[in-house]
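Below is one structure; the comments refer to it alone.
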Amino acid sequence: MRIINRFAVLFILLLISSCSEQGNGVDFNKRSVSVIIAAEPPTLSTVGPVSSIGIFFQGHIFEGLLRYDENNKLSGGVAEKWEITPEGATFHLRKNAKWSDGRVVTAHDFIYAWRLGASPENEYNFITFPMKNASKIAEGKLTSDKLGVTAVDDFTLKVDFEAPCAYFPALTTFTTYMPIRQDSFEKWGADKYAVDPEKMFYNGPFVLTEWKHGVSLKMTKNNYYWDKEKIWLNEINVPAITDQSTTRFNMFISKDVCMVNLEDSNSLKSALKRRLETPMKSFSSGFISYLEFNNREGRPTANKNLRKAISLVINRSDIVNKVLGIPGYKPGSTMFPSWLGGYEKLLHEEYDFNLPLESLSEAQKYLALAKEELGMEEITLTYLYSGGPSTDGMAVYIQEQLMNKLGIKVNLDKQIFKIRIAKSLSGEFDFLGGGWGPDYNDPMTFGDLLASWNQNNRGKFKNEKYDALVVQANNSVDQKERMDCFYEMHKILHEEVPVFPIFESGGIYLADPRLKGFFRNIIGSDPQLTYARIEEDE
Amino acid sequence: MAEKVLDIQNLKVEFDTHGGIVQAVRGVSYSVEKGKTLAVVGESGCGKSVTVQSIMGLIPKPPGRVTQGKALLNGVDLLSLSDKESRQYRGRDIGMIFQDAMSSLNPTMTVGEQIAETLQIHKGMSKQDALKKAVNLLDLTRIPEAHKRIKQYPFEFSGGMLQRAMIAMSIACKPQVLIADEPTTALDVTVQDQVLELMKDLQREEGMAIILITHDLGVVAKMADDVAVMYAGEIVESGTVDEVFYKSAHPYTLGLKSAMPSMERNSHTGLVSIDGTPPDLFNPPQGCAYTARCPAAMKLCRSRKVEIFSSESGHRSQCWLHHKEAPVSVTAPINRFSGAEV
Amino acid sequence: MSKYVFKRLLSGFFTVFFIATVTFFGMHAIPGDPLSSDKVMSEASKEALNKKYGFDKPLYEQYFIFLKNTAQGDFGMSFTKKGQDVNDIIKQGFSESAKLGVLAILFAAFGGILWGALTAKYRNKWPDYLIMIFVILGISVPSFVFASFAQLFIVFLNQELNLVFPYRGDGSFVSLLVPALVLGLGTMAFLTRLMRSSLLEVINSDFVRTAKAKGLNSWQIFKSHELRNSILPVITILGPAIASITTGSFVIETIFTIPGLGKQFVEGVQQNDYTLIMGTTVFYGSFLVLMVLVVDIVYGFVDPRIKVGESK
C-alpha cells in the first residue's frame, strides 16, 4: 500500500510538472502565433518538390522580386520597380534587401535559382517556361546558362520571354522564382540543401530557427529583412504536425493554435455545438474537382454522346450538398473557378459560366445515339479514383446514377493517390475523379490543362479549336482578348464534355478573434501571416 | 481412552449443481487420537474425501457448503473460524497429502521451494533457513541426495519420490494430524509399501495422528488402528480394525470384504461384487441408503432412518439388524451387538 | 542453447530476407514510383531524375544494390523527406514509438493480468460480466475511436475544470500516458480474455488445492502458484504484441501527434517512398523475428518443463 501511495504522489508531481502554459495559439506579449500543419514539408528548397505546405514556409522565409503586401496587393519585394513589354521584363532590385547573414541580395542570386528551376531535374520546371529557352532547357536540349535571364548589373535583372507573358510579374512571387544562395546550395548539395535551419540562408521576413523533423518547426523574425518595420510578429510556431482534423480542432479549442480549418462535417457540427464565440469564415482552396473522361481510342468514353449522357444524369449540387456535405464546397460548372480574376473584375462577374444544361430527358437520347455509334448493347465503365470516405460516397452516387438512369454498369477502381496518378497517365480508366489546383494567378493555369500537348491532360482530349485558343491567349498581352479566349474555351468544354466539373473546394475556418492582418490565400502561403498582429487582451 | 486430536461431529456438506443439491456428506462423525491412525474406507463418491476437504476448507464455496457440524481440533472448531483464522491451522496443525503427487505439486516451482513455503508462512522462516530445513525433511523421508533434489522440479522426480516429497511438505511444521487422501493409490505396489512404512515411521517419531482415506482394505489392515466405513455420505460402521474386520457389523462392510482379493479365501469362491449402485445423493433415501443393495434388507430399512447401534467397546454400526427386535435369520454372518441403542 | 539461438537467428534471417524480397518486387510491381506527383513531369525531367536515383537500371540490378546497401546497414535516403537518411528516420521514429509502446505493453500486460485474474476469481459474478463487456468492447472497437474519444474527453475536462492535462504528445512523459493506454487497450482486452481462461484452468488444478491445504492465503496462492502457471499463453501473445505495438501505430500517432515509426511507415507507403518502405519493412520484420525468439527463450524461465533448444 505504501508503494502505491508513493506512486500516486509521484504521478501527481509528474502531472503538475508537466503542465505547460495553456494556450500558445496567440501570445500578445511574446508577439507569437502558433499554427498546425497537416504534413511535414518534404524540403524547403525552392527547387525541390513543390508542396503547398512547403510554400507556406517558403512564403514567409523567402522573398521574390515581387510580393503581396499588407493589403494582399502585388507590390515590390526584392525589386523596387519593374517594366514589362511583350518581349520581356526588367526588374530593378533594391539595394537594402539582405540575406539573413547580412549579405546583399543580388540579381545573380535570382539567376542561379532560376537556372536550377529550369533544369530537367526540377519537376516543376514548366513554371519557368515563359522565359526564353526554358522549355528547351527542361527537355535537356540546351544547357541552363542559355535561360533568357541576364544580370545587367548586380541590381538589374533582365528577362527575355519565349512568348508574351502578361502574368509574369505575378509569377515572380511563386516559390520557384525565389532567390537561392549559391554558396549554401553548393555546400549542402541539391538533396540536403534547405532540409535543416542551418542549411540555407533567408531573405524573407522570417527565418527558420527550429525544425525537429516530424515534430515541430519555428520561424522567427528576420532582423536583416529590409522592411522589418512592417513586421509585427516575432514568432510563428508550428507545434505539431498531424492530418487528423479532430486533433487539429482540439488544438484550436485548447487555444494551442490560432487557426483551424473545419474540414469535415463532424468538426463543423462539434464547433456549432460548442457555440464558439469565434465567427466561422469560409475560404477557397482554389481547387476544382471534376470527372475526366478517357478520350483514347477504343474507350467508350471517347464517344461524345456517351459523355453528354453521363454528364446529364449527374447532379452537381446533389453531390456537393447531399453526398459530400463538406462545408465550404460549392458546385462548379466550369474548369475556371470563380475566384479567378478577369480583365478588370472577377472572371465570373464578367462572363456567364453557368451555361444552361440540357434537360434530363435528353440523356436517354444521347445514350441511344452513343450505343448505336459504339455498336454496344451493354456499357460497362471503370471509374478510377482515390481519397477518403467522401470520395467513396461520390463514387457510389455516380455508380448508382449511371445504373438507375442509364443502365450503365460502373466498376469502382479505388487506389492510393500515387497509383491513381500512374494509372491515369497510362490511360487505365474510362473516367476518373480528378482535381486541379492553380500554380499561378491567371486562368491559363487551368486553361492549358486540356491543351492536347499538356502531359496532365490525362484523358487525351484533343480539340484543334481549343488548342488554338490556348496559343492565342498565351501570345497576347491584351487581358480582354485573353479573357475572351478563356470564355470560348469554356464553351468548347461545355459542348464536348471531355471533363465534367463537379465542385470548387474550399472550407470553413476558425481563427482566434484577436488575430488580425492575416490572409487565406489560394496562390502562395496559406495562411499568410507576415503582416499578422495580435490585439491586446482586454 | 486417549485424547481426541481431531473430532468431527455430525458434519453435513452439500453441493449446488445444475441437477439440484447433492448431499455429499450427511452427518458424519469420527475422531482420531494422538499417535493413532484412522482409516476411512468406502467406494469412490461416498464422501470420504469431501469430508476431509471440507474441514480443510478445500471445497470450492460455492457450489459447496457446510450446513451443519463441527470439526474440533483440540477443542477448536475449525468450521466456525474465519478463513483467515483457519488458515493458521492448515499446513501447521493439519498436514495433507493427496493421491496424485505429480499434479498436486506446482510444476513451475522447485520441490524445495514448495516445502519451504509452508515453513515460511507458518514459522516465519527466511527462505534460506526454510530451504535448509527442507533438505532435512527430504532426508527424513529418505530421499537420497536431498540437497540436490530440492533444486529440482516435480517433473524430475519419480512418482514414489514425489509422494515422499509431498509427505515431507505436509509434515514440515510437525502437524498433529496428517490427512492422507489415497496416498498410495497411484503408486506401484512395492513403492506403496515403502511410502506406507515411511508414514508409519514418521508417526512413531512425531506422534501425529493420521487420517488415512483409502478404498484399499489391504492398506487399512497394514496401517490402521481404527476404521470408519463410509457409504453414501454416512459412516455405516466404525470401530477398531479388529472389530470392523473380524466382527463386521454392517452388511456393506461384509460386502466390501468379500470384494477384496484374499490369500486365505479359496480361489474358486472368486471375488464377489456388490450388486447395484450407490443411491442418488440428490434425493437420498429416507431409510438406510444401502437397502437397495443389501442382501438382508427388511421393510423397515426402506422407510425408517437407521439408528446407530454401539457395542460397549465403541464398535458402532448403523443397521437395523442390530435392533433387538430384528429377525435373527439373516444370511450374512452379521455380528450382533448386545442391543444397546445410542 | 547458443546453438539453438544461432539456428533461430539464421532462420529469422531468411524470413526477413524473404519478406524484403517480396516487398521489394511487390513495391516495384504496383504502378507509380516515388517521383510521380499530381502534375506530370516532362520526359526529360523524368529521365534526369530516374538517372539520378538509379531507376533507369534494370530491376534486378536495383535489387542487388538494395541488398548490398542493406547488408552494410544502409537503407539510403528517403525520397519524400529530403536530405534525411532512412536509418535516422527509423532511429528517431522507433525511439518515440518504443517509448509509447513499452508503456502501452506495460498497461496491456498488467491490465490484462489484473483484469483476467479478477474475472477468473469472480467467475460468473458481476465483476466478471462487467469486465468481459469491456473486453468485448476493447477487442471489437478500433483504437482510433477510443483515441478520438479520449482526446475529446481530455479537452472537454480541461475546459470545464480549467486544467491543462496534455491531450496530445508534447514530448513529456505524462502526455504519453493516455495514448499508451489507448494503444494498449486492444491487447489488454485480448490478454484479459486469455488470462481468464488460462487462470480458470489453473484455479481448479490439484496443486492449487495443495497450496490451499498448506494454509496459503489467496494472494500468496495467486502470486506463487496460479500466476506463473497461467501466464504462459499471455507471454506467447506478448512477443508479437511487443513487436507490433512498439513499432508504432499510425492512427494513435497521428491523433496524438507523436512522431513515431508507425506514421513514417504509412506515409512511406502512401507516397511510394521506396527506401523508406524497405527500411521500415526490414526493420519491422527483423524486430518481430527477434521478439518471437526472445519470447521462446523466456518460456524456459517461466516454465522449467520447457527446455529451450533441446529436442524432446
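The values are calculated or read from the model by the stated rules, or taken from the named source; none is laboratory data. As the structure is a computational prediction, the values presented were derived from the model and not from experiment. Because the Cβ atoms are built from the backbone with ideal geometry, glycine has one as well, and the counts that use them run over all protein chains shown.
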The residue from B:VAL220, B:VAL227, B:VAL236, B:VAL244 that alone is in contact (Cβ under 8 Å) with a residue 60 or more places away in the chain, touching a Phe, Trp or Tyr at 6+ places or on another chain (Cβ under 6 Å), not in a loop (DSSP other than H, G, I, E, B) and not polar (S, T, N, Q) is B:VAL236
For segment A:334-360, the count of residues that are among the small types (Gly, Ala, Ser) and modelled with pLDDT of 90 or more equals 1
request  = Answer yes or no as to whether C:SER175 is within 29 Å of B:MET102 (Cα to Cα) and more than 15 Å from the chain's Cα centre (by Cα).
outcome  = no
Among residues of segment C:48-93 being free of Cβ contacts under 8 Å to residues at least 40 places away in the same chain and crowded, with 17+ Cβ neighbours inside 10 Å, the residue farthest from C:LEU261 (Cα to Cα) is C:ALA48
- If we scan segment B:92-99, do we find a residue that is within 13 Å of chain C (Cβ to nearest Cβ), modelled with pLDDT under 85, surrounded by fewer than 23 Cβ atoms within 10 Å (Cβ to Cβ) and closer than 21 Å to B:GLY160 by Cα? yes
Filtering segment C:243-270 down to residues that are at pLDDT 85 or above and outside any helix (DSSP H, G or I) yields C:PHE256, C:THR257, C:ILE258, C:PRO259, C:GLY260
| message | Residue under question is A:ILE310, and the condition is that it be surrounded by 20 or more Cβ atoms within 10 Å (Cβ to Cβ), farther than 26 Å from A:LYS365 by Cβ, out of contact with any helix residue (DSSP H, G or I) (no Cβ under 6 Å at 6 or more places or on another chain) and among the β-branched types (Val, Ile, Thr); does it hold? | response | no
Only one of A:PRO327, A:PRO331 is of a type outside the set (S, T, N, Q), surrounded by fewer than 22 Cβ atoms within 10 Å (Cβ to Cβ), in contact with a Ser or Thr (Cβ under 9 Å, 6 or more places away or on another chain) and within 26 Å of A:GLY517 (Cβ to Cβ), namely A:PRO327
Of those in segment A:418-455 that are in contact with a strand residue (DSSP E or B) (Cβ under 8 Å, 6 or more places away or on another chain) and basic (Lys, Arg), the residue surrounded by the fewest Cβ atoms within 10 Å (Cβ to Cβ) is A:LYS423
Reported set for segment B:8-47 where residues are more than 16 Å from B:PRO279 (Cβ to Cβ), of a type in the set (Asp, Glu) and touching a residue at least 60 places away in the same chain (Cβ under 8 Å) is B:GLU33
With the first residue restricted to segment A:101-124 and required to be more than 14 Å from chain C (Cβ to nearest Cβ) and in a helix (DSSP H, G or I), and the second required to be surrounded by fewer than 24 Cβ atoms within 10 Å (Cβ to Cβ) and of a type in the set (S, T, N, Q), Cβ contacts under 7 Å at 6 or more apart or on different chains are A:ALA107/A:THR156; A:TYR112/A:GLN182; A:ARG115/A:SER144
Answer yes or no: is there a residue in segment A:169-177 that is farther than 20 Å from A:SER52 by Cβ and surrounded by fewer than 22 Cβ atoms within 10 Å (Cβ to Cβ).
-> yes
Among the residues that make up segment C:136-144, is at least one of them more than 30 Å from C:PRO233 (Cβ to Cβ) and surrounded by fewer than 21 Cβ atoms within 10 Å (Cβ to Cβ)? no
When every residue in segment A:230-256 that is within 11 Å of chain C (Cβ to nearest Cβ) and assigned to a loop (DSSP other than H, G, I, E, B) is compared, the one surrounded by the fewest Cβ atoms within 10 Å (Cβ to Cβ) is A:ASP243
Q. Does C:LEU185 satisfy the condition of being surrounded by 15 or more Cβ atoms within 10 Å (Cβ to Cβ) and within 14 Å of chain B (Cβ to nearest Cβ)?
A. no
Hey, any hits in segment C:206-218 for a residue that's farther than 15 Å from B:GLU117 by Cβ and in contact with a Ser or Thr (Cβ under 7 Å, 6 or more places away or on another chain)? yes
Would you confirm, using the coordinates I've provided, whether C:VAL292 is under 30 Å from B:PRO154 (Cα atoms) and not acidic (Asp, Glu)? yes
Picking from C:SER205, C:SER218, C:SER249, C:SER286, the residue that is among the hydroxyl-bearing types (Ser, Thr, Tyr), surrounded by fewer than 24 Cβ atoms within 10 Å (Cβ to Cβ) and either within 14 Å of chain A (Cβ to nearest Cβ) or touching a helix residue (DSSP H, G or I) at 6+ places or on another chain (Cβ under 6 Å) (or both) would be C:SER286
